[in-house]
2 protein chains.
Amino acid sequence: MNTSTTTPETVIEADPDVPTVRLVREFDAPRELVWRAHVEPELIKQWLGPHSIGMDIEVWDMRTGGEYRYTATREGEEIAHFYGSVHRVTDNERIVQTFGFEEMPEAVSLDTLTLHDLPDGRTRLEILSVVYDFESRAGMLASGMEVGVNEGYEALDALLARLKDQA
Amino acid sequence: MNTSTTTPETVIEADPDVPTVRLVREFDAPRELVWRAHVEPELIKQWLGPHSIGMDIEVWDMRTGGEYRYTATREGEEIAHFYGSVHRVTDNERIVQTFGFEEMPEAVSLDTLTLHDLPDGRTRLEILSVVYDFESRAGMLASGMEVGVNEGYEALDALLARLKDQA
């Protein structure tokens, strides 16, 4: 594995043998809260993506056979339209889904998100993505995804802290 | 590419560099009929899979964001439960979807079906599938998929001939 640590906490790995990307991040919250923050539209819109980007959700149906669709906005202007279909959901554990955006209709990845319990009420999140070829993966890695990932997970840290206070 | 011709007509290729499988088959019918035979549940149940296997369709919603789910039966007995989600549909051209079955819930592929016009009212179908690793692909190729593929496409040849007669 070629490993690059993009913050003290998020690891993004590109496998040398297959066109996959593995992302690993730990959160100081139990699995059930990290899960809710991914499947409840009112929660995910509070953290996903870079700080400067808003999220207008049209569909967020995180069930086996479901789908999602949202528009990323900056200062009220539409900048990208993301969507995908949901292959399989195992509550509090795993989501297998596709990911794409209208601006590049040929681009698609198959993403598996998995949550693991850690000691002391913490959770490890892994997302394993595969695309059809190494060129497509190079495009993903060159897209600046780590900025959105890191800023989004900082916002998720803060959201999880608020949810723990409410619990 | 390692190429193996499994019948005079169907080619199944395993790429040496990425864990994909490419299937290519030509049909003596125009693209619109081959398309209908894939998206209309009353048509697909007439040809998909080996001759000895029936298909009880629960959901066949071939739209962007849709899903499908069916049970394979032999002499009335349930033998496997297949399902997937539909990432993107471009009418008469392309379907991007996932594929899995309940009997092996970790197994999943991302499949892109594309139809191309050929001269003389013929059509070339390609399906490009990707999985997460070479071991999973070896499992796919060892599953005897070519039997179902070849018998299914023979039945599809016959269905397309009937549809052309009706047109």
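For segment A:14-126, list the strands (runs of 3 or more DSSP E) that sit wholly inside it and hold at least 3 residues that are away from chain B (no Cβ under 14 Å); which are they?
Answer list for segment A:14-126: A:20-27, A:54-60, A:67-74, A:77-90, A:109-118.
Any residue at all in segment A:73-90 that's without any contact (Cβ under 8 Å) to a residue 24 or more places away in the chain, hydroxyl-bearing (Ser, Thr, Tyr) and more than 27 Å from B:PHE101 (Cα to Cα)?
yes
Among the residues of segment B:53-108, write down those that are more than 17 Å from the chain's Cα centre (by Cα) and more than 16 Å from A:THR64 (Cα to Cα). Steps first, answer last, please.
So the first thing to find is which residues in segment B:53-108 are more than 17 Å from the chain's Cα centre (by Cα), and the list is B:58, B:64-65, B:73-79, B:102-106.
Correct list: B:THR73, B:ARG74, B:GLU75, B:GLY76, B:GLU77, B:GLU78, B:ILE79.
Tell me, which residue of segment B:128-144 that is without any contact (Cβ under 8 Å) to a residue 12 or more places away in the chain and outside any loop (DSSP other than H, G, I, E, B) is nearest to B:GLN46 (Cα to Cα)?
B:ALA142
Would you mind finding the one in A:GLY144, A:GLY139, A:GLY148 that is out of contact with any Ser or Thr (no Cβ under 7 Å at 6 or more places or on another chain), at pLDDT below 95 and surrounded by 15 or more Cβ atoms within 10 Å (Cβ to Cβ)?
On the way: A:GLY144 fails: surrounded by 15 or more Cβ atoms within 10 Å (Cβ to Cβ); A:GLY139 fails: surrounded by 15 or more Cβ atoms within 10 Å (Cβ to Cβ).
After ruling out the rest, the residue left standing is A:GLY148.
Please go through segment B:9-32 and give me each residue that is basic (Lys, Arg) and open to solvent by 10 Å² or more (accessible area, probe 1.4 Å), ordered by number.
Listed by number, the residues that qualify are B:ARG22, B:ARG31.
Which residue pairs have Cβ atoms under 7 Å apart, sit 6 or more places apart or on different chains, and have a first residue in segment B:27-51 that is of a type outside the set (A, V, I, L, M) and a second that is assigned to a loop (DSSP other than H, G, I, E, B)?
Cβ pairs passing all conditions: B:ARG31/B:ASN92; B:GLU32/B:ASN92; B:TRP35/B:ASN92.
Within segment B:33-45, work out how many residues are within 14 Å of the chain's Cα centre (by Cα) and loosely packed, with under 15 Cβ neighbours inside 10 Å.
The total comes to 1.
With the condition kept exactly as written, say whether any residue in segment A:79-102 is open to solvent by 30 Å² or more (accessible area, probe 1.4 Å), out of contact with any strand residue (DSSP E or B) (no Cβ under 6 Å at 6 or more places or on another chain) and modelled with pLDDT under 95.
No, segment A:79-102 contains no residue that is open to solvent by 30 Å² or more (accessible area, probe 1.4 Å), out of contact with any strand residue (DSSP E or B) (no Cβ under 6 Å at 6 or more places or on another chain) and modelled with pLDDT under 95.
Just to be sure I understand, how many residues within segment A:115-136 are within 12 Å of the chain's Cα centre (by Cα) and open to solvent by 20 Å² or more (accessible area, probe 1.4 Å)?
3
The values are calculated or read from the model by the stated rules, or taken from the named source; none is laboratory data. Keep in mind that what you see is a predicted model, and the values were worked out from it rather than measured. Cβ: placed from backbone, ideal geometry, glycine included. Neighbour counts: every protein chain shown. Accessible surface is based on the protein model in full, side chains and every heavy atom, while ligands, DNA and RNA are left aside. Shrake-Rupley method; radii C 1.70, N 1.55, O 1.52, S 1.80 Å.
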